[in-house]
Ligand SMILES: [Zn+2]
Ligand SMILES: [Zn+2]
Ligand SMILES: [Zn+2]
């Protein structure tokens with residue numbers, strides 16, 4: 001059995017269409033390829049909006065390669081955001097970007113690279129970069 005995708009207008013076998021859990025298992029109108037592509041585009045869009053606001057550069061080491069950049073909870077209160085939503089798991093970056101946009105870019109976030117974000121985590125809230133700078137001063 002084949003079905004036409006609403007988006008790319010290609011005929012594909014029904015196994016290429018995901019079922020909707022909210023609609024008695026009816027097939028989605030768009031094929032999985034289009035569906036995944038849209039999610040990817042959305043995700044890229046969220047990231048762009050967020051970093052356009054907070055800056056495309058690590059606040060600590062000035063790293064500016066987009067793939068390395070992440071959002072940091074300045075006060076290390078990420079657990080509050082998780083608790084508010086009753087999430088046991090860690091926030092995914094997509095969840096986080098979406099939340100930041102919805103909350104209107106709160107100033108408790110900043111741009112950090114993965115290294116500094118991790119450095120802050122293992123350094124009790126202070127990235128090892130900062131400690132080195134302090135020793136030098
Ligand atoms: Zn399609
Ligand atoms: Zn950094
Ligand atoms: Zn750092």
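Bear in mind these aren't lab numbers, they're just calculated from the coordinates by the rules spelled out. Please read all numbers here as calculations on a predicted model, not as lab measurements. Here the Cβ positions follow ideal geometry from the backbone for every residue, glycine too, while neighbour counts run over all protein chains shown.
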Original post:
At a Förster radius of 22 Å, what calculated FRET efficiency corresponds to the Cβ-Cβ distance of residue 121 and residue 85, to the nearest 0.05?
Top reply: 0.60
Original post:
Ratio of Rg to Rh for the chain, alpha carbon only, Kirkwood?
Top reply: 1.14
Original post:
Does anyone have the angle between helix 32-54 and the longest principal axis of the chain? Alpha-carbon axes, 0 to 90°, nearest 10?
Top reply: 30
Original post:
How many angstrom lie between the C-alpha centres of segment 1-21 and segment 73-113?
Top reply: 35
**OP:** Return the single residue from 121, 27, 112 with maximal mean-square fluctuation; model: Gaussian network over the chain, springs between Cα atoms under 10 Å.
**Re:** 27
Original post:
Say we join alpha carbon atoms closer than 10 Å with springs in a Gaussian network model of the chain; which of 76, 24, 117 then has the biggest fluctuation?
Top reply: 24
Original post:
Pairing the Cα long axis of helix 93-102 with the longest principal axis of the chain, what angle in degrees results, from 0 to 90 and rounded to the nearest 10?
Top reply: 90
**OP:** Run the numbers on the chain and let me know its relative contact order in percent, using alpha-carbon pairs under 8 Å that are six or more apart.
**Re:** 21
**OP:** Report the residue, chosen from 47, 120, 90, that carries the largest GNM mean-square fluctuation when the chain is represented by alpha-carbon nodes joined by springs under 10 Å.
**Re:** 90
